[in-house]
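Working notes for the structure below.
The values are calculated or read from the model by the stated rules, or taken from the named source; none is laboratory data. Remember, it's a predicted structure, so these values are computed and weren't measured experimentally. Reconstructed Cβ throughout: ideal geometry from the backbone, glycine too, with neighbour counts over all protein chains shown.
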Amino acid sequence: MVKKILVGIGLLGLLGILVVPALAADTASVSATVTPRLISITVSPTSTDYGIMGTNESKIAPDTFTLTNDGNVVEDINIRGTSTAAWTLSDTAIGSEQFMHKARVGATWIDDASVVALATTNKLFIDNMAVGSQNFRLKIYTPSSTAATAAQSTTVTLVASYAQ
C-alpha cells in the first residue's frame with residue numbers, strides 16, 4: 001500500500017511538472033534619438049567699402065568680420081573670390097587689370113603664412129572650426145595699371161562643410 005501511495009504521489013508530481021503553464025516573456029525597450037547634422041555659417045557685416053584707391057596700392061578692409069559656425073558640428077571653412085567687371089582676380093600677383101584679395105583669421109592684420117590669397121575656386125581658410133565665432137580680416141591689392149574709371153565690386157564667398 002505504501003508503494004502504491006508513493007507511486008501515486010510520484011506520478012502526480014510528474015504530471016504537475018508537465019502541466020505547469022508556460023510563463024509570458026519579459027520585455028524591455030530602448031529609446032533611440034538621432035540629431036541631424038547641421039552645417040551652417042553666418043558672417044557679419046556682409047559688406048565693406050575700401051574707399052578710393054590708386055593703382056598698385058593695398059588696403060586692409062575697415063571692418064573686422066565675424067564668422068559664426070551656428071551649426072552643431074565642427075566645420076571646415078573654404079573661401080573664394082570673384083573677378084570684377086574690369087579686373088581679374090589673381091592669387092599670385094597683381095598686374096595690369098589684375099588684382100589680389102586676401103583673407104586672414106583674426107581681428108588684426110599680420111602679413112604671414114596664415115594669409116590666404118583668394119582665387120575663383122575654393123581654398124581652405126579655417127580647418128576644423130568649432131561651433132562659435134571667429135574674426136577675420138580682408139585686404140585688397142589694386143592692379144598695377146587699369147583703364148577702369150568706375151568703382152569695382154567683388155564678392156568673397158565662405159563655404160562650410162562637415163569636418164570629418
Filtered residues of region 77-125 (kept if within 27 Å of Ser40 (Cβ to Cβ), small (Gly, Ala, Ser) and in a loop (DSSP other than H, G, I, E, B)): Gly81, Gly106, Ala107, Ser114, Ala119
Matching residues in region 126-164 - criterion: being at pLDDT 95 or above, surrounded by 14 or more Cβ atoms within 10 Å (Cβ to Cβ), part of a loop (DSSP other than H, G, I, E, B) and of a type in the set (Gly, Ala, Ser): Ser144, Ala148
Of all residues making up region 102-119, the number that are surrounded by 13 or more Cβ atoms within 10 Å (Cβ to Cβ) and among the β-branched types (Val, Ile, Thr): 3
Condition broken by Ala85, with the remaining ones in (1) closer than 20 Å to Ala148 by Cβ; (2) in contact with a strand residue (DSSP E or B) (Cβ under 9 Å, 6 or more places away or on another chain) satisfied: (2)
Near pairs, Cβ below 7 angstrom, 6+ apart or cross-chain, from region 46-73 (in contact (Cβ under 8 Å) with a residue 60 or more places away in the chain and surrounded by 15 or more Cβ atoms within 10 Å (Cβ to Cβ)) to any residue that is assigned to a loop (DSSP other than H, G, I, E, B) and among the basic types (Lys, Arg): Val73/Arg37
